[in-house]
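What follows is a set of notes on a single structure, which appears directly below.
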Amino acid sequence: MKNEKPSKRWKAKIHEIIYGTHTPAGKLFDILLLVLIVYSVIIVMLESVPRFDTKYHEFLNISEWVVTILFSIEYILRVIIINK
């Protein structure tokens, strides 16, 4: 593994984290991803309640954008590392 190109090493490491459910990093990634999914669902639910949306619109909107960006990064990483 030492003679591999740096791009192959980081792809292998990211692959292990995203798809390696048996590793501590993989388990942590899965847990964080599940938490982010639940948080995203809660944000959408709260936005649908006019009282909450009126009071916390800015926070909910920013939260939704942050979650969308994080999901996009995760998806892009999955696409990149699949071509090991």
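The values are calculated or read from the model by the stated rules, or taken from the named source; none is laboratory data. What you are looking at is a predicted structure, and each value in this text was computed from that prediction instead of being measured. Positions of Cβ are backbone-derived with ideal geometry, glycine not excepted, and every protein chain shown enters the neighbour counts.
Observations on the structure shown:
- Residue that is surrounded by the most Cβ atoms within 10 Å (Cβ to Cβ) [pool: residues in the range 63-84 that are in a helix (DSSP H, G or I) and touching a residue at least 60 places away in the same chain (Cβ under 8 Å)]: I81
- Test: residue in the range 41-62 that is at pLDDT 95 or above and either within 12 Å of the chain's Cα centre (by Cα) or in a loop (DSSP other than H, G, I, E, B) (or both): yes
- Among residues of the range 1-38 being out of contact with any Gly (no Cβ under 9 Å at 6 or more places or on another chain) and acidic (D, E), the one that is modelled with the lowest pLDDT is E4.
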